[in-house]
Amino acid sequence: MKQLVLEELEVYKLSMMIADEIWNDVIKWNHFAKFSLGEQLTEAADSISFNISEGYGRFSFRENIHFCYISRGSLFETKTGIKKAVNRKLISRTRFEFLSERLETLHIKLNSYINYLKQQSKNQNSK
């Protein structure tokens, strides 16, 4: 079976795009918003791809899956952050909907990736 390349994984590419989108929004906010909500939101969004990367570089499927679970937690944190941003009028409703749709797509892809890793782990263990 062909080895997956991190930079070619859709889940990784989408997580990188979302983090950049959020960064580009937050960088425009005022000082207070940027250093209260903005800092945590960008860290959460960045954490999604960071943990996918870290899991990818680990020794076992089990460890990779563990980091994907952490990534999924960061995805939920990011969803909460953009809800707070729209409620506080830091992003528009249209922007919120755009980001929400991308995050939902990422959520589905991340769950699929986790299931793929679980199947690969089972296949490896049955040999």
Within the accessible area of the chain (1.4 Å probe), percent carbon and sulfur:
54
Along Cα→Cβ, 7 Å out, is where each label goes; now give me the distance between the ones at Q120 and I27 in nm to one decimal.
3.3
For the chain: lysine pairs under 16 Å (alpha-carbon distance), excluding those fewer than 8 apart on one chain:
9
Which of the listed residues, G73, S53, F35, is farthest toward the dipole's positive end in the chain, when Lys, Arg count +1 and Asp, Glu count -1 at the beta-carbon?
G73
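The values are calculated or read from the model by the stated rules, or taken from the named source; none is laboratory data. Since the structure is predicted, the reported quantities are computational estimates derived from the model, not experimental observations. Virtual Cβ from ideal backbone geometry, glycine too; neighbours counted across all protein chains shown. Surface accessibility is based on the protein's heavy atoms, side chains included, excluding ligands, DNA and RNA. Shrake-Rupley method; radii C 1.70, N 1.55, O 1.52, S 1.80 Å.
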